[in-house]
Amino acid sequence: MTPQEFKEIRLVIGLSQQQLSLKLGILKNQISKIERGKAGITEQKEESMKMLLREHRLKIKKANSYTMPKREKICFAFSWYSHQKK
């Protein structure tokens, strides 16, 4: 996962850096460093981000099964994102 993909997921699920830091249990400045490419993305952080994205996608689908936000569609282009849209 690249820093840009990490940031895109945060934006897709609609979280601020502060909100994401609370969900991942890390400091806000660490999120900023990750998104700028100044800190590495551990396997655990990558898996947590994928899980948040999958959870968020399910919530969107339940709320409105006919349309999805444009930003959500971007995530299906990520090579590491294995949960395919049906």
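No lab work stands behind these numbers, since they all come straight from the coordinates. These numbers come from a predicted model, not from an experiment. Neighbour counts are summed over all protein chains in view; Cβ atoms, including those assigned to glycine, are modelled from backbone coordinates with ideal geometry.
What FRET efficiency comes out for residue 44 versus residue 2 if R0 is 22 angstrom and r is the Cβ-Cβ distance? Round to the nearest 0.05. Write out the running numbers ahead of the final one.
Details: r = 17 Å, r/R0 = 0.76.
Efficiency, from the Cβ-Cβ distance: 0.85.
Net length available on complete extension from residue 54 to residue 33 is 5.2 nm, with 0.36 nm assigned per residue and the Cα-Cα distance removed. Local charge for residue 39 was computed over the other residues whose Cβ lies under 11 Å away, with Lys and Arg +1 and Asp and Glu -1, and equals +3. For residue 20, the shell of other residues with beta-carbons less than 11 Å away shows a net charge of +4, using +1 for Lys and Arg and -1 for Asp and Glu.
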